[in-house]
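The values are calculated or read from the model by the stated rules, or taken from the named source; none is laboratory data. Just so it is clear, the structure is predicted and the values come from calculations on it, not from any experiment. Counting neighbours? That spans all protein chains shown, and the Cβs are built from the backbone with ideal geometry, glycine included. The accessibility values were calculated without ligands, DNA or RNA, using every heavy atom of the protein model including side chains. Shrake-Rupley method; radii C 1.70, N 1.55, O 1.52, S 1.80 Å.
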Amino acid sequence: MLNTYFKSSDKNFYLLHGDTMKLLPEFEHKFDMVFADPPYFLSNDGLSIQSGKIVSVNKGTWDKSQGFDYLNDFNRQWLSLVRDKMKDDATIWISGTMHNIFSVGQILTELGFKILNVITWEKTNPPPNFSCRYFTYSTEQIIWARKNEKIPHYFNYELMKQLNNDKQMKDVWKLPAIAHWEKTCGKHPTQKPLSVLTRLILASTKPNAWILDPFTGSSTTGIAANLVNRRFLGIDQEETFLNISQNRKIEIENPKIAEFYKNKIADFINTRRLTEFLDNEKANETIKVVLGFCQAKEIKKLNCTNKFYFHAIENKNTIRDFPINLFDAKRLILYSGGRSKPIKLNGFYGEISSITLKHKSDIEGKSNSKTEFYYEVTLAQNFIESIDLKFTLNTKKLFEKIDDINLKLFQQYLPAITTWERVIEANIQ
Ligand SMILES: C[S@@+](CC[C@H](N)C(=O)[O-])C[C@H]1O[C@@H](n2cnc3c(N)ncnc32)[C@H](O)[C@@H]1O
């Protein structure tokens, strides 16, 4: 019987106490993302400098160096157990240094994961090198891999680009090392900064995703996850660390403290506030979108109009209904192509302010049309052109989890409904 060490009142934060190798096989749940900061096994009695003082590099008995075979066996065991707990499209992030990262990389490949990136986290404020015989150690590596070679993963490319002054985010992340304000609930010797965890969670998960940390320590992963509306389960064998984790979660149940931490996340300082982003993310998830077909020769005209027309007549001159619930759609997105050409978004979209049924005589330029009635979609402003909405569509993805009726309408070039999230996911790279 699995005992939960701690379950938060909002049921978004769970902690298990014990050996991760024993606990992982004991439950069935599958996760959307895993972050693991396993022992680096670097506690070899060496010395370092911290806040101007000479200190031992030893972190605890769990981190004692025990040789390469032990390291490989350890990594193989936990990685294969964690892989079983991942959804097919899930990804895993593993942090490390030269002490363990080569072993982790090799075993990931051996177990069938596909490595997506190796992030170099460059600490903007590293401790100086004590011996003066090496370059200052200022980086850690974080490997990002997906469970399955063939099953696509989620990546919020757009957000990462926005956070990087509208340029593609690189695999070198300059983010500060752990700061004092993150240690209010006690000290863990290898606590990760919230800014690193928030970035990787937002890059690879959607709201409400389930995140697992099999070596949770003070649960930075869980705190970052909950701050950005994701759910969390963490495992650690040391009760002292679970206690810090629990107190950190209780601390952010106070909205003022949660807000304080959100304002400290490096990516969102001096840009836009994280809270605003999260509200948008939630809204965008379910923004209802109408897809409209636009002939290639008509695209040029879109720059200076806020109107779009759908035929409202069936073959036998009956008024065609818009797809169910169309009238509360928020956004119109146009696509072109078809028949022998690939179906592509052509970059034009707009926020809908009204949709009305109109006779051709009431529409400028349509009085001679063969079609008697149209649905006139009026946008809040003229069409916006975005290069990020120019891509070939995977039409099946576009309506996945919506319904088949809309897929059929779309295949006949009729107005069809989906969500903004689906549109972004239907991008064929
Ligand atoms: C590098 S620390 C993680 C620190 C964490 N990322 C944080 O921000 O606080 C690794 C943690 O794994 C735990 N650990 C090591 N071996 C374990 C095992 N077999 N089962 C459960 N926990 C383990 C240690 O107690 C330690 O807290």
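Here are the numbers for the structure shown:
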read-out	value
Positive-pole candidate from TYR261, LEU233, LEU278, dipole of the range 206-287, charges at beta carbon	LEU278
Distance in nm between pseudo-label sites at HIS311 and ALA296 (7 Å out along the Cβ direction from Cα)	2.1 nm
Listed residue pairs exceeding 24 Å between alpha carbons, taken from LYS123/LYS206; LYS170/LYS264; LYS301/LYS370; LYS288/LYS344; LYS370/LYS396; LYS7/LYS187	LYS123/LYS206; LYS370/LYS396
Charged-residue dipole, Cβ positions (Lys, Arg, Asp, Glu), the chain about Cα centre, Debye nearest 20	1120 debye
Binned Cα-Cα distances of the chain, short to long, each 10 Å bin given as a whole percent	4, 19, 26, 21, 14, 10, 5, 2, 0
The chain - mean residue ellipticity at 222 nm from DSSP helices (-39,500 (n - 2.57) per run, n ≥ 4, rounded to 500)	-7500 deg cm²/dmol
Tensor-based shape of the range 127-245 (alpha-carbon gyration tensor, a/c under 1.5 rounded, otherwise prolate or oblate)	oblate
Given charges at Cβ of Lys, Arg, Asp, Glu: the chain dipole, positive-most of PHE410, LEU202, ALA90	PHE410
Local electrostatic count at LYS307 - Lys and Arg +1, Asp and Glu -1, tallied over other residues with Cβ under 13 Å	-1
Calculated from backbone phi, Karplus (6.51, -1.76, 1.60) coupling profile of the range 280-286 in Hz, x at Gly/Pro	5, 4, 5, 5, 5, 3, 10
Three semi-axes of the equivalent ellipsoid, the range 287-425, Cα gyration tensor, whole Å, largest first	22, 18, 15
Inter-label distance, nm, simple model (7 Å from Cα along the C-beta direction), LYS187/HIS359	8.3 nm
Net charge of Cβ neighbours under 11 Å - reference LYS150; Lys, Arg +1; Asp, Glu -1	0
Average accessible surface area per residue within the chain, 1.4 Å rolling probe, Å²	51 Å²
Accessible surface of the chain [probe 1.4 Å, protein heavy atoms]: carbon and sulfur percent	50 percent
Among 144-152, 351-359, the order from most to least packed when residues are scored by Cβ within 10 Å on average	144-152, 351-359
Positive-end extreme of charge dipole, the range 54-175 - chosen from SER65, ASN165, ASN129 (charges on Cβ)	ASN165
Residues listed by number, the range 66-92, amide nitrogen under 18 Å from GLU110 label point at 7 Å toward C-beta	66-84
Förster-model FRET efficiency, 41 Å R0, LYS64 and ILE387, C-beta, rounded to 0.05	0.20
In Å², nearest 10: area of TYR137 left accessible to a 1.4 Å probe	130 Å²
With DNA, RNA and ligands ignored, accessible area of MET21 (1.4 Å probe; Å², nearest 10)	20 Å²
Summed side-chain charge close to ILE352 - residues other than ILE352 whose Cβ falls under 14 Å, Lys, Arg +1, Asp, Glu -1	+1
Ordering of 174-181, 207-214, 75-82 by packing [mean C-beta count within 10 Å, highest first]	207-214, 75-82, 174-181
With DNA, RNA and ligands ignored, accessible area of ASP166 (1.4 Å probe; Å², nearest 10)	100 Å²
Enclosed volume per residue, in Å³, of the convex hull spanned by Cα atoms of the range 125-175	123 Å³
